[in-house]
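Derivation of every value follows stated rules applied to the coordinates shown; laboratory data play no part. Because the structure is predicted, anything quoted here is derived from the model rather than measured. Don't worry about glycine lacking a Cβ; one is built from the backbone with ideal geometry, like all the others, and counts go over all protein chains shown.
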Amino acid sequence: MDQGPAFFDVVLRQRACRDFAPDPVPDEDLARILEAAVHAPSAENTQPWVFVVVRDADRRRRIADLNRRLWDGGAGLHSRPRLAADLFAEVDASVRTGFGGAPVLVVVAGDGRDPVTRRMLGASIFPAIQNLLLAANALGYGSALMTLATVASAELRSIVELPEGLEPVAVVPVGRPARRLGAPRREPAAAKTYLDRYEA
C-alpha cells in the first residue's frame, strides 16, 4: 500500500491552495484524510471535533456567498494593506470563485456544550485541522485553513445544520490544485529560535 511521501516532505511543502480543479474527491480519500484528523491530540482526550463534509453544490454556494459578503463587508479592506499585492489578488480571486472552486468544503466545528471543554477547544481543534491539511497534502490534494466565514457563526451553523453549542471554527476547502503549487514562503526556523532566553 502506498504510504505517500515521507513526513518531512509533506510538512515542508504544505501551503494554502486557493485555486482548485473540479475533479471530485473520492470518499475513500476523504475518509483517510479525516482519519488522520481524528488522530490529533486533544485536551484531556476529549476529541471535541466535528467535521461536516459539504459536497452539495447549493450548500457550498451558500457558504461561499457568506464568505464573500464578509470579505466585501470589511475583511478585504482589512487584509489589503497587510498582504503583498500578488497574495491579496490570489486571496480575492479565491473568494470571488467560491473558495477557488473547491469540490469539497469541510466545516470543522468544536463541541463546546461542556463549559470546561469549551475553554480548551482551540487546543484540540487546530491540531486536528493541521492533521487534515497535512493528510490532504500527502494524498496530492490542495487545502487551506479558512476562518472568515466563522465570523458569522450563527449563519454558517444554520447552513450545515449544526445545533447550538457546536461552534464552527474553520472551513477547509479540499480538492486537486488547479495548478502546481510553489514552495511555501517561510522564514527559517533559526530566525525565530532562541537558546535559553529571548533576545531582541
>> Take Ala75 and tell me if it is touching a helix residue (DSSP H, G or I) at 6+ places or on another chain (Cβ under 7 Å), in a helix (DSSP H, G or I), surrounded by 15 or more Cβ atoms within 10 Å (Cβ to Cβ) and not β-branched (Val, Ile, Thr).
In response: yes
> Taking interchain pairs and intrachain pairs at least six residues apart, which have beta carbon atoms under 6 angstrom, with the first residue in the stretch 109-130 and touching a residue at least 12 places away in the same chain (Cβ under 8 Å) and the second part of a helix (DSSP H, G or I)?
Replying inline: Gly110/Leu121; Gly110/Ile125; Gly112/Arg118; Gly112/Leu121; Met120/Ala43; Ala123/Ala43; Ser124/Ala43; Ala128/Ala37
> Is there any pair with a first residue in the stretch 139-156 that is closer than 19 Å to Ala128 by Cβ and a second that is assigned to a helix (DSSP H, G or I) and β-branched (Val, Ile, Thr) whose Cβ atoms are under 8 Å apart and which are 6 or more apart or on different chains, and what are they?
Replying inline: Leu139/Ile33; Tyr141/Ile33; Leu145/Ile129; Ala149/Ile63; Leu156/Ile63; Leu156/Thr150
>> Tell me yes or no: at least one residue of the stretch 48-70 is without any contact (Cβ under 8 Å) to a residue 40 or more places away in the chain and within 30 Å of Ala6 (Cβ to Cβ).
In response: no
> Could you list, in sequence order, the residues of the stretch 78-88 that are part of a helix (DSSP H, G or I), more than 19 Å from the chain's Cα centre (by Cα) and among the aliphatic types (A, V, I, L, M)?
Replying inline: Ala85
> Does Asp65 fit the bill of being more than 25 Å from Leu162 (Cα to Cα) and either in a helix (DSSP H, G or I) or in contact with a strand residue (DSSP E or B) (Cβ under 7 Å, 6 or more places away or on another chain) (or both)?
Replying inline: no
> If you scan the stretch 1-46, which residues turn out to be under 28 Å from Gly165 (Cβ atoms) and either surrounded by 15 or more Cβ atoms within 10 Å (Cβ to Cβ) or in contact with a Pro (Cβ under 6 Å, 6 or more places away or on another chain) (or both)?
Replying inline: Leu30, Ile33, Leu34, Ala36, Ala37, Ala40, Pro41, Ser42, Ala43, Thr46
>> So the check is Cβ under 7 Å with 6+ separation or different chains; which pairs have a first residue in the stretch 14-42 that's within 26 Å of Ser124 (Cβ to Cβ) and a second one that's loosely packed, with under 12 Cβ neighbours inside 10 Å?
In response: Gln14/Pro184; Arg15/Pro184
>> Take the residues in the stretch 9-62 that are part of a helix (DSSP H, G or I) and within 21 Å of Leu148 (Cβ to Cβ); name whichever of them is nearest to the chain's Cα centre (by Cα).
In response: Ala37
